[in-house]
1. So, in segment 36-71, of the ones that are in contact with a strand residue (DSSP E or B) (Cβ under 9 Å, 6 or more places away or on another chain) and closer than 16 Å to residue 3 by Cα, which residue ends up surrounded by the fewest Cβ atoms within 10 Å (Cβ to Cβ)?
2. Condition check: acidic (Asp, Glu), in contact (Cβ under 8 Å) with a residue 12 or more places away in the chain and assigned to a helix (DSSP H, G or I). Does residue 4 satisfy that?
3. What residue, of 68, 56, is under 15 Å from the mean Cα position of the chain (by Cα) and hydroxyl-bearing (Ser, Thr, Tyr)?
4. Under the condition of being more than 18 Å from residue 40 (Cα to Cα) and of a type in the set (A, V, I, L, M, F, W, C), which residue from segment 5-19 is farthest from the chain's Cα centre (by Cα)?
Amino acid sequence: MKCEICEQTATEKHHINYFPERTVGVCAFHGDDIHRNSGKYSGLLMYAKNDAREFYDQNKRISKFLKYLSDKRKSCR
């Protein structure tokens, strides 16, 4: 897979949006550069300031809940 911006190999997943989740593949250079020079890549940063934190907090809660269900299922056997 090629970087969304250049011809290098995409080595990172970059979130364009968290809700709904939309990602693109980018190389390591552009993965960093998007955040250093956000004005240059405005089309690749379409989320609100706290969306990333909310997204990853939500994923943690979901993971904990799924582990709980899995453990519960194992104990019922």
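Read-outs throughout are calculated quantities, based only on the coordinates presented, and are distinct from any laboratory measurement. Keep in mind that what you see is a predicted model, and the values were worked out from it rather than measured. All Cβ positions, glycine included, derive from the backbone under ideal geometry; neighbour counts span all protein chains shown.
1. Across segment 36-71, the extreme among qualifying residues is 43.
2. No, not satisfied.
3. Just a single option satisfies the conditions, and that option is 56.
4. 10
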